[in-house]
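Q: The structure's right below; bear with me while I get my questions together.
The values are calculated or read from the model by the stated rules, or taken from the named source; none is laboratory data. Since this is a predicted model, take the numbers as computed values, not measurements. Here the Cβ is made from the backbone with ideal geometry for all residues, glycine too, and neighbour counts use every protein chain on show.
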Amino acid sequence: MKAVKNLLFDLGAVLIDIDFEKVCRSFDKIGIKDFENQYSQLSASTLFEDLEKGEISNAFFYEEIQKQLQSNIPSEEIKNAWNSILLDFRIDTMQYLTDLKKEYNLFLLSNTNAIHLTEINLLAQQQLHVEELDVYFTKAYYSFKMGMRKPNADIFQFVLKDAGIEAEETLFIDDSKPNIITAQHLGFNTHLLLPHERVEKLSII
């Protein structure tokens, strides 16, 4: 077994708290009653998948939501509802990353979209006092910039090739079992982060 040299982190529910119930309530308030059927931890509708793969613009996303609502609701309201899934960074975890960076190469691999990344970087400025989240990592990989999305194998293979790292020397930490299963099949060391767990408390690092 090769020694771990690289740590590959998911973002939501690993480094930053998220709330699926809150975003469902937010979309319910603007008139979408079945949001949980369109987006969850385990699945996403074509619209949300396309947004996370960068295949549609923010403007097109807002227009499609307006069509569902049959309303000219302002894009800002839709954006606020969508961003309500994002809570606060796990400050102790983020401070721990600074220590880990002395011993490991740190990477980020997140299913996210342009709307959320803008908000995430605003939160990073407010809560972590850094210009952007990327400063914590050797490189950050976002699905909407790559045209790929977890749990598909191609996104993991892209990271391995682009970063010049080996799966056997990399520990992948994610809160989604399908993502973990794909990574295991590709030879990564993995840890499924449970809701009560925090990265800084793990004994495997």
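Q: Regarding the stretch 41-61, can at least one residue be identified that is farther than 26 Å from Thr182 by Cβ and outside any helix (DSSP H, G or I)?
A: yes
Q: Let me ask something else about it. Within the stretch 127-149, does at least one residue satisfy the condition of being at positive phi and either small (Gly, Ala, Ser) or modelled with pLDDT of 95 or more (or both)?
A: Yes - at least one qualifying residue is present in the stretch 127-149.
Q: What tally of residues in the stretch 147-160 results from selecting those that are surrounded by 17 or more Cβ atoms within 10 Å (Cβ to Cβ) and in contact with a Leu (Cβ under 9 Å, 6 or more places away or on another chain)?
A: Result for the stretch 147-160: 5.
Q: Within the group Ser45, Ser71, Ser84, which residue is of a type outside the set (D, E, K, R), touching a helix residue (DSSP H, G or I) at 6+ places or on another chain (Cβ under 9 Å) and under 16 Å from Ala13 (Cβ atoms)?
A: From the options Ser45, Ser71, Ser84, the qualifying one is Ser84.
Q: Tally up the residues in the stretch 161-178 that are assigned to a helix (DSSP H, G or I), in contact (Cβ under 8 Å) with a residue 12 or more places away in the chain and surrounded by fewer than 19 Cβ atoms within 10 Å (Cβ to Cβ), please.
A: Residues meeting the conditions: 6.
Q: Quick check on the stretch 181-196: of everything there that is outside any helix (DSSP H, G or I) and among the polar types (S, T, N, Q), which residue is farthest from Lys2 (Cα to Cα)?
A: Result: Thr190.
Q: Go through the stretch 69-123 and report how many residues are assigned to a loop (DSSP other than H, G, I, E, B), of a type in the set (Ser, Thr, Tyr) and farther than 23 Å from Ser45 by Cα.
A: 1
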